[in-house]
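Read the structure below first, then the notes.
The values are calculated or read from the model by the stated rules, or taken from the named source; none is laboratory data. Just so we're clear, the structure is a prediction, and the values are computed from it rather than from any experiment. We place every Cβ from the backbone using ideal geometry, glycine too, and count neighbours over all the protein chains shown.
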Amino acid sequence: MRKIVQQSKLHPEQVIYIGDQIIDIESAHRNRIAVAAVTWGFNSESVLVAHQPHYLIHSVQQLKILLLTSQSRLA
């Protein structure tokens, strides 16, 4: 994850990692990257919440809004 961010010439605060598993949240936390956990994937919502993602996403529409508002903040 860190290598991809560096190769893309981005800073960790410019990235949101999207995942549906505990390992996604843990990896993002280790790399100081914001993480959005989606509730329609591998792990249940309660399991995801226990691992403290920065964002908990329940729909594709919610994800779209997060990405659009995040993009405008970084521009």
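Please indicate, with yes or no, whether at least one residue in segment 63-70 is under 13 Å from Ile22 (Cα atoms), of a type in the set (Ser, Thr, Tyr) and either touching a Leu at 6+ places or on another chain (Cβ under 7 Å) or part of a helix (DSSP H, G or I) (or both).
no
Find the residue count for segment 1-35, including only residues that are among the polar types (S, T, N, Q) and in contact (Cβ under 8 Å) with a residue 12 or more places away in the chain.
4
Restricting attention to segment 16-31, which residues are out of contact with any strand residue (DSSP E or B) (no Cβ under 7 Å at 6 or more places or on another chain) and outside any helix (DSSP H, G or I)?
Gln21, Asn31
Does segment 39-54 contain any residue that is in contact with a Phe, Trp or Tyr (Cβ under 9 Å, 6 or more places away or on another chain), modelled with pLDDT of 95 or more and of a type in the set (S, T, N, Q)?
No, segment 39-54 has no match at all.
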